[in-house]
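In what follows, a single structure is set out as structure tokens and then discussed.
The values are calculated or read from the model by the stated rules, or taken from the named source; none is laboratory data. Everything numeric here is computed off the predicted structure, so don't read it as measured data. Methodologically, a virtual Cβ is constructed for each residue, glycine included, from the backbone with ideal geometry; neighbour enumeration extends over all protein chains shown. Just so you know, the surface numbers come from the protein's heavy atoms only, side chains and all, with ligands and any DNA or RNA stripped out. Shrake-Rupley method; radii C 1.70, N 1.55, O 1.52, S 1.80 Å.
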Amino acid sequence: MSAKQKKRRKDSDFLVQGVILASAGVITRMIGIAYRIPLTYIIGDEGMGFYGYAFEVYSIALLLSSYSLPLAVSKLVSARVARGERRNAIRVFLCALLFACVSGLFVSLVVGFGAGGIATYLMATPFSRYALRVLAPGLFVVAIMGVVRGYFQGMNTMMPTAVSQIMEQLVNAIVSLIAASYLLKVGTEVAKTKGDELYGPAYAAAGGTLGTVIGALGGCFFLLFVLYTYRYKMRRQYRMDRSGRTESYQRIFKILLLTIAPVILSTAIYNISQVLDQVLFSKIMAAQGNEEQEYVALLGIFTGKYNTLINVPLAMANALSSSVIPSLTAAVSVGDREQIYKKIQLTIRFAMLIAIPSFVGYLALSSPIMQLLYGDKRQTPALMLSIGAVTVVFYCLSTVTNAVLQGLNRMTTPVKNAAVSLGIHLVALLIMLIFFKWSIYSIVVANIIFSLSMCLLNAYAIRSACGYTQEIERTFVKPLIASAVMGVATFGVHKFFDFLIGGRIATILAMLIAVAVYGAGVLLLGVLSEEELRMMPKGTMIVRFCKKLRLM
């Protein structure tokens, strides 16, 4: 194999693994949307509010115990594999597994036994304690699962992670709906005896969270089975290591902590931002004389509908981030500057290829999408999606640039940037809540400010770290032009079919037209070169098909 072919294969492997994980991410997000629709009908906006509160605390506990483990393990494993140190890669895995067991169990016990106090005094929503108690065991399970996923990602295979994610979400969906329906009835009976109607949605929210734990357990069992079948290969790699270098577990544990800490801090700021938003919103809305049922319902719309939709395109950014970190770390380990630049460029471009049309699509069809998925014709959810649609672009860009900085061994930079952005975000949020009284829209706009600040600070940091400057025309301008054409066509098609037949079919047809128009626009404008298309899975077939249609 020639040097050029090897180079192309490296790029191709990187993109193929990214596409595998991204596809799984999109599928899991779609399953998430699919089951959230009936779940919202079952537990209502109040139940979704309790559900959202519990998940924000769960998210913070998760990042403290295990959220950073897949990233840290994949980064450390890939660096050692790139240097031929297979034995040390396995030692990293074993050390991380021990860390996950201890930290996961500890945090799980703290959240489980402290749920009442956390819900009452921290979140100011005592009824969210039931959902939080149910979620607590999941912290231990996810910690184990994160290490196994990180190991396989570090070995440059995303398939176990992808399959486990889909399996986890399928089980989650089924169990959540069954448990929420059953516990709603139980909670309704309790409400009659205790004289508070909020027991019904609170119990139902707890049922919804049960699916998360059982789903995680299913995904974990699958990964452990894959690891069991992989054990012979691991032993062979261990014996064949000729690097002559064996790291002590003490050294590995120290490096693991030094890698995890910055990731925890940067991710914590993202999650703390969400928690602070909800705490400040609840307290200020209460101080302004609003009823708890009213502002909890608004937060239920924000977390259950708005955030769910915003997070769908973010699955692509998260997948590309997981793919680029081990790949970029390997390039940095051997000092391959050309590969470093290439991977950064492709990662950001592919993220924007998804984020920009998602932003325009949400803007053009905000109300029809809410009606299609949730049967919600109210102005508030649609306006939230219209205002916050641009967040998709900023969050996708900040997510992948965080990963780039971590792959470049600038682990603390995203922490500093997130801290600065959080300060700006909180000042803006307080002004909008107290002085402008923009209610739930204050959180939406504050998130735009936070993510935009992260993008600008990260771009400057990447340039300072390696001299890289992102190409603008093919990454941002041309996708925006293609998306704008798509948006106009989509809006017009929806209006036409809505007039003729109305209902959800008009929205589905408009979305299908949107995909076709955007795809044609991207190819005609030359956003992706023939070489880049060939790097993708089935790329040669795609190129051949596009040439037949004269799109290239």
Within the stretch 150-167, restricting attention to residues that are under 17 Å from the mean Cα position of the chain (by Cα) and open to solvent by less than 40 Å² (accessible area, probe 1.4 Å), which residue is nearest to G25 (Cα to Cα)?
A162
Pull up the stretch 303-320, narrow it to residues that are over 15 Å from I37 (Cα atoms) and crowded, with 24+ Cβ neighbours inside 10 Å, then point me to the one that is modelled with the highest pLDDT.
P313
Mind listing just one residue for me: the one in the stretch 95-128 that is in contact (Cβ under 8 Å) with a residue 60 or more places away in the chain and open to solvent by 20 Å² or more (accessible area, probe 1.4 Å) and, of those, nearest to G47 (Cα to Cα)?
F127
Look at M541 and say whether it is in contact (Cβ under 8 Å) with a residue 24 or more places away in the chain and of a type in the set (A, V, I, L, M, F, W, C).
no
Residue list for the stretch 334-370, restricted to those being farther than 20 Å from V392 by Cβ and of a type outside the set (D, E):
V334, G335, R337, Q339, I340, Y341, K342, K343, I344, Q345
Do we find that I272 is in contact (Cβ under 8 Å) with a residue 40 or more places away in the chain, under 19 Å from L69 (Cα atoms) and among the aliphatic types (A, V, I, L, M) in this structure?
yes
Taking the stretch 284-302, which residues are open to solvent by 10 Å² or more (accessible area, probe 1.4 Å), assigned to a helix (DSSP H, G or I) and of a type in the set (G, A, S)?
A286, A287, A297
Considering (1) surrounded by fewer than 17 Cβ atoms within 10 Å (Cβ to Cβ); (2) under 28 Å from the mean Cα position of the chain (by Cα); (3) in contact (Cβ under 8 Å) with a residue 12 or more places away in the chain; (4) over 24 Å from E338 (Cβ atoms), say which one V515 fails and leave the rest.
(3)
Just wondering, is there one or more residues in the stretch 175-182 that are modelled with pLDDT of 85 or more, surrounded by 24 or more Cβ atoms within 10 Å (Cβ to Cβ) and either hydrophobic (A, V, I, L, M, F, W, C) or closer than 25 Å to P38 by Cβ (or both)?
yes
In the stretch 187-199, which residue that is in a helix (DSSP H, G or I) and over 33 Å from the mean Cα position of the chain (by Cα) is surrounded by the most Cβ atoms within 10 Å (Cβ to Cβ)?
A191
Taking the stretch 414-452 and keeping only residues that are of a type in the set (S, T, N, Q) and under 21 Å from N307 (Cα atoms), one is left with S421, S439, S442, N447, S451
Taking the stretch 491-512 as the search range and keeping residues that are touching a residue at least 12 places away in the same chain (Cβ under 8 Å) and of a type in the set (G, A, S), which one is nearest to V543 (Cα to Cα)?
A510
Restricted to the stretch 376-418 and to residues being open to solvent by 40 Å² or more (accessible area, probe 1.4 Å), outside any helix (DSSP H, G or I) and without any contact (Cβ under 8 Å) to a residue 60 or more places away in the chain, the residue nearest to L456 (Cα to Cα) is R410
